[in-house]
Amino acid sequence: MASLKQRSIDVYNWFERRLGLGAPTIEAAEHEVPSNTSSWWYVFGSAATVILLLQIVTGILLALVYAPTASQAWGSLEFLDHSVKLGWFLRAMHGWGSDFMVAIVLIHLAQVFLFGAYKFPRELTWIVGVFLLLLTLGMAFTGQVLRFDQDAYWGLGIGASIVSRVPFVGGPLVDLMLGGPIIAGPTLSRFFALHVFVIPGILLGLVGLHLWMVLRLGINDWPMPGRLVSKKTYIQEYHDLAKKTGIPFVPDAAWKDAIFAAAILLAIMACAVWFGPFGPTGQPDPTIIETAPKPDFAFLWIYAVLAYLPPSLETPVLFIAPILVIGAMLLLPLVSGEGEKHWSRRPVAVLSIAVIAVTLGAFTRLGMYTPWSPVMNAWTSDPIPALDLKDRTPLEREGALVLQNKQCRNCHSIGGAGGMRGPALDTIASRMTEDQIIRQVLQGGGNMPAYGNALNPSETTALVHFLLTLRGNLSPAIDASRKMVLSSEQSTPPTSPRPSLPDGR
Amino acid sequence: MNPIEPLPPADGPGTAEPANSQSAGHSRRVFLFKLSLVLNGAVGIVLAIPILGYLLGPALKKSSNEDSWIKLGPLSDFPEGETRLVNFRNPVTTSWDGQTGDIPCWVRHISGNSFQVFAINCAHLGCPVRWFAQSKLFLCPCHGGAYYEDGSRASGPPERGLFVYTYRISAGALMISAGKMPTLAAHNCTKPGLTQIQANATLTAAGTAESNSGEDAQPRNTPWPA
């Protein structure tokens, strides 16, 4: 037994004499960290690293089968899902791993921001981290393209359309992005190269730098209200703290990282088993136009912002806002590298995180149900509620038919069914008079197309008469100025108000 | 890196200790090292030229080369007053493009020889627009852009009307000039060909750059509207 142990030590020493990596590795693992950094708040960075390793492993495994050509990619994904043993699981792990990666990286960013970890001497660690965030999002986008389905195809179209708006060089940039005149074989090939070689290569290099700086500068000590960071004294203070309260990182602090990483891996596996892989949705065939393309979860908020920006602001915002946001993130540690670290003394920081989180959350939620998009089949699938047709004149019922046939329902809901682009029509006659409805229908405006060319006079009359019945239990809208005109025309003021609407009485 | 730089100053590390003969050898080796840096820099530049040329190839290609005339079908395929979806194979493809090489477009036969051929891509962000004949609108599923039957903007986020392919009628068939995904930039880059100058002038004279009114029976090339 002893000889076996001795032999193992001999083998280790044989390698160690030649490699010389064991001693420094053990030294790095056991380096002293302030005991207050052994916290469940300090586990997100290591979890992100573990997910990165998972993504590399699952990605390589998928690449064993995936065919990165425009004509075969979709078929090879279907093959992975249905014909390769556990192929669906590997795809699901890689897809869910990507969502978890983005989420954990964002949480890590929020945590180090709120803990003031970007301040002296860890400015560069933060700056590298900003690039790691961008690369992570780059992996998420290029990965969505490799899932070469309808969403990927039209997502590339959206990407190309955004790039085409770059002043002066937009055209050549689109060609560079697509690798040819249209979204086709060369486009997928270059996104494959980006996703598999270029971005992971840079990502791994920067993760190495990021970790090296964490080891070299020490993990950020737990912030205390009133303990200010000063470039003159901080290094000495940190060393004193590490000497006084120091515990070896492995095992005294690292066990929390390890347990959290295991929990995250389990969560990814659970999501993969339970929810399965993402798509692929329909084939990447542009001639199938019955599709409503949507980006992956991480980009839904951008999709929503693009729906709400006024047309004239869109191009400036698209190119100026990212520069400002990324620039602010990169400059943050250089501008405020000293001072208070604790969140309770940094209200602006807490408020910023809250506002950004609520904004991203709200836009993501909107992106999930896209209220701005017309519901393309509502005109044939959503009937008029029977109650709205009860006791109506033939003309009004004809108007209900016009409403359906002219696809008004694609943008307007009645009885909760239909599009949400325009206002619901359930009580429209309580808000608009006959004249206003006619004007709105024929001339459009306020984000509604004009239907003057699509409706003949009798259709318009029928439609407006039906719309005037839609007011629930509310009283009809009244044109106040018209009443005044009428009353001033008559020598004797009318005794009862005259509604301008023909429907009631 | 600078080849004209004089020999390293005497205060450089390691230059003080060696004896005279070694010092001479050292400065020679330093010079040779710098020379090797310059040489590698030059080789790097020579190497970078083909790499950049390869990388930027797609962007440096003249876009006019990519458009060519494609037959969409005999005129009888397009009844007057209707707008129909037509697919064509992109003239520039690779053999591994698969379905992505098939491009749809909307053909509107106004009357006689007057047509409008719209790109499928919404002018906002390129999603596929759908034609609704009853309300005479093109609607985009992504962000709700809407266009009238003549392709002009009706509502929503697009800044402009639908992209239009140049068309011509030859031997009883409708042909369009296509080959490149229409984007705002491609539109800006496209220089109207000789055949288009007249059409441009007509449009400018008419004072409307947006829609093809469809009154003239002459086959003509409709430029992409401004």
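Please treat every number below as a calculation from the coordinates, not as lab data. Just so we're clear, the structure is a prediction, and the values are computed from it rather than from any experiment. Cβ coordinates were reconstructed from backbone atoms using ideal geometry, including for glycine residues, and neighbour counts include every protein chain displayed.
Of note:
- Taken along the Cα-to-beta-carbon direction at a fixed 7 Å, the label points for A:Arg227 and A:Val84 span 5.0 nm.
- Relative packing of A:86-93, A:355-362, which averages over residues the other C-beta atoms within 10 Å, highest first: A:86-93, A:355-362
- Distance cut-off 18 Å, percentage of C-alpha pairs in the range A:22-178 lying past it: 70 percent
- Least to most buried among A:His108, A:His82 (fewest other Cβ within 10 Å first): A:His82, A:His108
- Coarse-grained scattering of the range A:410-461 at q = 0.16, 0.28 Å⁻¹, given as base-10 log I(q)/I(0) from a Debye sum over alpha-carbon atoms: -0.49, -1.23
- Scoring B:121-129, A:322-330 by mean Cβ neighbours within 10 Å over their residues and listing the highest first yields B:121-129, A:322-330.
- Ranking of A:Tyr12, B:Tyr147, A:Tyr303 by neighbouring Cβ atoms within 10 Å, starting from the fewest: A:Tyr12, A:Tyr303, B:Tyr147.
- All lysines inside 24 Å of A:Lys244 as judged from Cα atoms, apart from same-chain residues fewer than 8 positions distant: A:Lys119, A:Lys231, A:Lys232, A:Lys256, A:Lys341
- Computing FRET efficiency as 1/(1 + (r/R0)^6) for A:Asp391 and A:Ser312, where r is the C-beta to C-beta distance and R0 is 56 Å, gives about 0.75.
- With kT/(6 pi eta Rh) evaluated at 37 °C and eta = 0.692 mPa s, and Rh the Kirkwood radius from Cα pairs, the range A:32-369 diffuses with a coefficient of 150 µm²/s according to Stokes-Einstein.
- Once the convex hull of all Cα atoms in the protein assembly as shown is built, its volume per residue stands at 289 Å³.
- Under the shape rule built on the C-alpha gyration tensor, where the axes satisfy a ≥ b ≥ c, the range A:169-254 is prolate, since a/c reaches at least 1.5 and a/b is greater than b/c.
- The A:Ile438 and A:Leu134 beta-carbon pair, evaluated with R₀ = 56 Å, returns a calculated FRET efficiency of approximately 0.60.
- Label sites at B:Ser36 and A:Ala362, each approximated as a point 7 angstrom past Cα along Cα to Cβ, lie 6.3 nm apart.
- Cα-based shape type of the range A:378-489, given that a ≥ b ≥ c are square roots of the gyration tensor eigenvalues and the cut on a/c is 1.5: prolate
- Counting only other chain Cβ atoms within 10 Å of each residue's Cβ, the peptide B:141-153 averages 6.
- A:Glu396, B:Glu80, A:Glu30 arranged by Cβ crowding within 10 Å, fewest neighbours leading: B:Glu80, A:Glu30, A:Glu396
- Approximating the spin labels as points 7 Å out from Cα along Cα→Cβ, the A:Val325-to-A:Trp255 distance works out to 4.1 nm.
- Taking amide hydrogens as placed 1.01 Å from N in the peptide plane, the amide H of A:Thr393 sits under 5 Å from that of no residue at least 5 positions away in sequence or on another chain.
- Derived from the Cα gyration tensor, the three semi-axes of the equivalent ellipsoid of the range A:16-108 are 37, 20, 10 Å, largest first.
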